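The values are calculated or read from the model by the stated rules, or taken from the named source; none is laboratory data. Keep in mind the model is a prediction, meaning the values are calculated, not measured. All Cβ positions, even for glycine, are placed from backbone atoms using ideal geometry, and neighbour counts span all protein chains on display.
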Amino acid sequence: MEPSIVVGVDEAGRGALAGPVVASAVIINKSSKSLQFKDSKALSPSARKKLYDLINKTCLIGIGIIQSKEIDKINILQASLKAMKKAILDLNPPKNAKILVDGNKIPNLKQFNIQSIVKGDQYINQISAASIIAKITRDSIMNSYMSIYKGYSFDSHKGYGTKKHYQEIHKLGITENHRRSFNLTIQQTLFCES
């Protein structure tokens, strides 16, 4: 019997006020097993991009994306799990694969052996690789919003609740890519003049 293949799964964008939640599932090929990846949040943008390019060239990848409107319909937890499920199915791993998911919840895929690992992106290589792919993929989507939503700095805050983003919401209003199920006005009083 062939040894079990390990799949790492992680998401990006769960805490953002705007944009999609993106999940990635990654199988590290034998030729790349000696490489050590870190959680995407622990890397500089240039180091993250280099590793993203390397992972894309040497690993098998699946991606799942859930847009803001669906996040508002099903809630962010269910959207994150659905994005993970889509990423795993997009990867299409063998049934004997061991799937390791960052966090404490797992997507509903009974045909696979799935295990959740809290902070897995910090010490499981496959999950770290998935975190890098999910982050860069989502960042690219957010960067593309710059030409659509003038006045919003999606290239810098990536849709997260920064002071600058709240000021933009206060000045420009919300876009169709903002998550209406998130309270987009509660922090404005802290960051914006009346």
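Here is how the numbers come out for the structure above:
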{"item": "Enumeration of residues in segment 127-151 that are in contact (Cβ under 8 Å) with a residue 40 or more places away in the chain and hydroxyl-bearing (Ser, Thr, Tyr)", "result": "128, 131, 137, 145"}
{"item": "Residue within segment 13-24 that is in contact (Cβ under 8 Å) with a residue 12 or more places away in the chain, over 30 Å from residue 148 (Cβ atoms) and either under 13 Å from the mean Cα position of the chain (by Cα) or buried (at least 18 other Cβ atoms within 10 Å of the Cβ) (or both) present", "result": "no"}
{"item": "Check on residue 135, closer than 17 Å to residue 15 by Cα, touching a helix residue (DSSP H, G or I) at 6+ places or on another chain (Cβ under 6 Å), loosely packed, with under 13 Cβ neighbours inside 10 Å and of a type outside the set (Ser, Thr, Tyr)", "result": "no"}
{"item": "Residue that is more than 21 Å from residue 55 (Cα to Cα), touching a residue at least 12 places away in the same chain (Cβ under 8 Å) and not assigned by TED's automatic domain parsing to the domain that holds residue 11, where the choices are 159, 103", "result": "159"}
{"item": "Count of residues meeting criterion [farther than 13 Å from residue 25 by Cβ and either basic (Lys, Arg) or within 14 Å of the chain's Cα centre (by Cα) (or both)] in segment 83-119", "result": "5"}
{"item": "Top-ranked residue in segment 120-154 [being modelled with pLDDT of 95 or more and of a type in the set (Lys, Arg); ranked as farthest from residue 58 (Cα to Cα)]", "result": "138"}
{"item": "Any hit, segment 29-41, residues being within 21 Å of residue 103 (Cα to Cα), modelled with pLDDT of 95 or more, under 15 Å from the mean Cα position of the chain (by Cα) and not hydrophobic (A, V, I, L, M, F, W, C)", "result": "no"}
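Let's see how each residue does on (1) in the same structural domain as residue 181 (by TED's automatic domain parsing); (2) closer than 19 Å to residue 4 by Cβ; (3) of a type in the set (Val, Ile, Thr); (4) surrounded by fewer than 24 Cβ atoms within 10 Å (Cβ to Cβ):
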residue: 78; (1), (2), (3), (4): no, no, no, yes
residue: 94; (1), (2), (3), (4): no, yes, no, yes
residue: 109; (1), (2), (3), (4): no, yes, no, yes
residue: 115; (1), (2), (3), (4): no, yes, no, yes
residue: 129; (1), (2), (3), (4): no, yes, no, no
